[in-house]
Amino acid sequence: MIYAANLKCNHTRASFELYLKALNEALKTQNENVFVFPPSVAFSQKESFFTQGTQNFYPCINGAFTGEIGKEHLDEFGIKCVLIGHSERRIFENEVLIKAKFDFAKEQGWQIFLCIGEDLKTKQDNQTKDFLKKQLENLDLTYENLVIAYEPIYSIGTGLSAKNEDIEEVLAFLRTLTKAPLLYGGSVNENNIKEITKIKNCGGVLIGSAALKVENFIKMIKG
Ligand code: PEP
């Protein structure tokens with residue numbers, strides 16, 4: 001089971017050092033199933049028993065891309081894991097940029113956590129599957145280092161996770177399109193994680209708010 005924490009625009013360099021220390025102490029040894037996406041200014045060069053990933057990057061090595069983070073900057077921290085397509089970034093990014101990021105990350109051999117998810121209107125209009133299929137269009141779903149996180153927008157940061165039967169139906173649909181591990185994200189917390197991780201085809205969770213406090217993330221990992 002994969003446990004991934006998206007810290008979004010939370011935690012500073014100083015507070016993430018403490019997060020890393022506490023998580024290392026809890027994990028004790030290298031754990032290939034635990035991932036944390038801190039803000040890029042908080043990346044740590046200290047040894048970590050989990051994988052640090054980046055919430056964002058620009059598909060370049062370096063160059064005249066004001067305000068962006070390129071491969072060279074990620075390399076300095078040994079970052080080889082990237083989040084792409086999070087709904088909070090799709091506000092600023094179109095499908096062209098998302099594909100460019102995907103293809104660049106694939107070229108580097110990075111692990112890609114690709115987020116997809118529909119809004120409430122799309123769900124109510126019964127268009128979820130078509131919508132998700134479109135979000136996956138033109139992306140290499142056979143890429144060996146791909147993880148797909150199904151994150152319905154109406155459940156992100158709202159405290160209301162999707163219904164288990166809806167998650168099950170969508171994951172079953174995604175399974176027909178790819179062999180990549182499938183995660184669920186959207187208001188996962190200590191109270192619902194057990195049930196969600198039991199859902200068929202669920203290979204793990206992507207957690208935002210409930211993972212901001214390291215002790216809560218640890219509790220969820222330890223079950
Ligand atoms: C997320 O940001 O990917 C997420 C799932 O957030 P939350 O857990 O707060 O809904």
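The values are calculated or read from the model by the stated rules, or taken from the named source; none is laboratory data. Bear in mind that the values here come from a model prediction, so they are computed numbers and not experimental data. Cβ: placed from backbone, ideal geometry, glycine included. Neighbour counts: every protein chain shown. Ligands, DNA and RNA are excluded from the accessible area calculation, which covers all protein heavy atoms including side chains. Shrake-Rupley method; radii C 1.70, N 1.55, O 1.52, S 1.80 Å.
Calculated accessible area for region 1-113 comes out at 49 Å² per residue, all protein chains present (probe 1.4 Å; ligands, DNA, RNA ignored).
Going by a ≥ b ≥ c, the root eigenvalues of the Cα gyration tensor, does region 119-211 fall in the rounded group (a/c under 1.5), the prolate group (a/b larger than b/c) or the oblate group?
Since a/c reaches 1.5 but b/c is at least a/b, the shape of region 119-211 is classed as oblate.
How would you classify region 1-110 from its alpha-carbon gyration tensor, with a ≥ b ≥ c the square roots of the eigenvalues: rounded for a/c under 1.5, else prolate if a/b is greater than b/c, otherwise oblate? Prolate is the answer for region 1-110, as a/c is 1.5 or above and a/b outweighs b/c.
Among the GluC sites (Glu not before Pro) in region 90-157, those located in a DSSP loop and surrounded by at most 10 other Cβ atoms within 10 Å of their own Cβ are Glu137, Glu144. Can you classify region 170-223 as rounded, prolate or oblate using the Cα gyration tensor, where a ≥ b ≥ c are the square roots of its eigenvalues, rounded means a/c under 1.5, and otherwise it's prolate if a/b beats b/c and oblate if not? Verdict is prolate for region 170-223. Nonpolar atom fraction for the chain, defined as the carbon and sulfur part of the 1.4 Å probe accessible area, stands at 51 percent.
As a check on your grasp of the helix formula, calculate [θ] at 222 nm for the chain: sum -39500 (n - 2.57) over DSSP H runs of n ≥ 4, divide by the residue count, round to the nearest 500.
Working: 9 runs with 78 residues, N = 223.
Mean residue ellipticity at 222 nm (helix-derived): -9500 deg cm²/dmol.
Debye-formula intensities of region 73-170, expressed as log10 I(q)/I(0) at q = 0.13, 0.18 Å⁻¹, are -0.49, -0.88 (one equal scatterer per alpha-carbon, no solvent). Applying a DSSP loop filter and a limit of 13 other Cβ atoms within 10 Å to the trypsin sites (Lys or Arg not before Pro) in region 1-69 leaves Lys28, Lys46.
From the Cα trace of the chain, what convex hull volume per residue do you get, rounded to a whole Å³? Please list the in-between numbers first.
Numbers: hull volume 25.7 nm³, N = 223.
Once divided by residue count, the hull of the chain is 115 Å³.
What range in the chain is the longest one free of chymotrypsin sites (Phe, Trp or Tyr not before Pro) that are in a loop by DSSP and have at most 11 other Cβ atoms within 10 angstrom?
Numbers: sites that count: Phe65, Phe92.
Counting at most 11 other Cβ atoms within 10 Å as exposed, the longest clean stretch of the chain is 93-223.
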